[in-house]
Each structure stands twice: as C-alpha cells, then as structure tokens.
Amino acid sequence: MISIIIPAHNEGGRLGANLTLLTEGMSPGEFEIIVVANGCTDNTVDIAKSIPGVFVIELEEPGKAGALRAGDEAAQRLARIYLDADIPLAASEARALAAAVALPGVLAATGQRLVVTRGSALAVRGYYAVHRRLPVFRDGLFGRGVIALSAAGRSRFEVFPAMVADDLFLDSLFDAHEKHHLDDVVTKVTAPQRTVQLVRRLARVRAGNRAMRQVSKARAASNTSWLRHVVLPRPWLWPAGLCYAAVTLAAERMSRRENLTWGHS
C-alpha cells in the first residue's frame, strides 16, 4: 500500500513508543516501515531493530536530507508517508493518510497539529499561542511532522534537496486543490521547555527555509501575518504577541550568524 519513511537522529528516548504505536493494529505487510538512523550516538538503532516489521538503515553522517534520500532508495512502494521520528502516529492515522492520497486528484495529505506546551516556559507558551493561529497552517503541509504523497505526488521530484526544509520543499510542489488535510489525524508536536531551545529550533528552521526559497518556488514568508491576522483581531493576545515577536527576532539573528545543522538543542 504505502511506505513509511522515518529519519531518526538520536531519538532513542521516543522512538520505541512511537514505533509501537504505529505498528500495533497493522495487518502483516500492510505498510513498509523504514527507519533511517543517521549519525546516531545513542540507542536509536537498537530500539528500531527491536520492533518487528521495521527495516532499519544506518548512516554514519547526520542529516535529514540524506536520511530521506536513503529511505526513498530503499522503499519498494511508490506512495510514501514521511514521518518525523518524534511524532506519534497511530496505525489508524497512517491508514487514513494512505486512503486520502488514494483519492482522485489528491497528491499530498497531512493532518492537524496539536502543540503540547505543558511544562514549557511562559515565553514558549506565548509564542505558540500566536503561532498555532497563523493562517499559513490552514493549507500548508509543514509543521505537522507527517506528510503523505501519492505515487503521482512522489513523481513530482527526483530526490530531496540537501537542505533542512523538507516539509516546505514538499509544500512548494503542490497547489492547494492537490492537498488534503484530515481532521481525524492529529499529530502532537512537543514544544521545547526552555526559551533558548525554542530559539535554536526556530533558527534552524528559518535558515533552512531561507535556503529553500532561494532555489525553489516555496511560498514566501510573511513578517507581519502574526500581527495582522492573529494579534490585532484578538487584543487579548498582545502579551503573547510580544513573546512571539521577541522569539522570532532572536531566532532570525541566530539563523544568520551560526552554522545550524540537524539535531536537537
């Protein structure tokens, strides 16, 4: 039916539970699951190999683009689900995504995003209070940690570019009517606990997105959408808006002065 490709870099703490959730309830041979462990120095490989039905590829060098390429080369099925290793996805949700991209005219599909900020610093919670309301997430494929492509959708490109912004790259390949967003697939994205961790994460994202926009037709960034579309219509969000602006500015500055690579803060 579909291949599920999971790039994983030092995800030993979460990968086991996520793979168990994914594989429970699957029929034998229903999905091809490929974990590409890249540059790992923890027990990611051992954990992935311990889950029945999971094929593991080991790469010495860290890098998500390289991991995605290796997974694509190994995949035997034309339709694909690209899943971040830290995103829990149930078998029923993978099945729903696979069914969505089997519909006529649907080339790409994703779910809804739930950002978990429990235990996060006040500035982090303020940032996401604004971020989750940005209109760009209504029709985008990015920010969910999972994207499904039909066989025709996957044929839109040859290989992933050697850049961090893989989800923005995929989003740039499809028009709005070719994308489908499922309400019954909800991916939980865990927010960083500390503000400095959030800034570093966003700096990597901004650097990757900026590089991607230089070589593709990826959608342009809007520097004022948070204010015009989120905060001004909701005056009670002004304190959160100040957090959003401060974090975004710090991340932008960091993205332009540091060598930012794959990995966690």
Could you look through region 98-150, keep only residues that are under 19 Å from ASP175 (Cβ atoms) and in a helix (DSSP H, G or I), and pick out the one that is modelled with the highest pLDDT?
ALA100
Please enumerate the residues belonging to region 13-34 that are under 12 Å from SER3 (Cβ atoms) and under 18 Å from the mean Cα position of the chain (by Cα).
ILE33, ILE34
Check ARG133, ARG144 and return the single one that is surrounded by 22 or more Cβ atoms within 10 Å (Cβ to Cβ) and of a type outside the set (Val, Ile, Thr).
ARG144
I need a count of the residues in region 80-122 that are surrounded by fewer than 20 Cβ atoms within 10 Å (Cβ to Cβ) and either of a type in the set (A, V, I, L, M, F, W, C) or closer than 18 Å to GLY153 by Cα (or both).
15
Just need a number here: residues in region 151-175 that are outside any loop (DSSP other than H, G, I, E, B) and either at positive phi or crowded, with 17+ Cβ neighbours inside 10 Å (or both).
8
Across region 176-202, what is the total count of residues that are closer than 30 Å to ALA102 by Cα, surrounded by 16 or more Cβ atoms within 10 Å (Cβ to Cβ) and not hydroxyl-bearing (Ser, Thr, Tyr)?
7
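Looking at this structure, is ILE87 under 18 Å from the mean Cα position of the chain (by Cα), farther than 30 Å from LEU134 by Cβ and aliphatic (A, V, I, L, M)? Spell out the reasoning first.
On the way: under 18 Å from the mean Cα position of the chain (by Cα): yes; farther than 30 Å from LEU134 by Cβ: no; aliphatic (A, V, I, L, M): yes.
No, not satisfied.
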Residues being farther than 18 Å from ALA79 by Cβ and either at pLDDT 95 or above or of a type in the set (D, E, K, R) (or both) - total across region 24-34
1
Since SER50 meets every condition but one in (1) within 22 Å of VAL185 (Cβ to Cβ); (2) out of contact with any Asp or Glu (no Cβ under 7 Å at 6 or more places or on another chain); (3) among the hydroxyl-bearing types (Ser, Thr, Tyr), which condition does it not meet?
(1)
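The values are calculated or read from the model by the stated rules, or taken from the named source; none is laboratory data. Note that the coordinates shown come from a computational prediction; the quantities given were computed from them, not determined experimentally. A quick note on method: Cβ atoms are made from the backbone with ideal geometry, for glycine too, and the neighbour counts reach across all protein chains shown.
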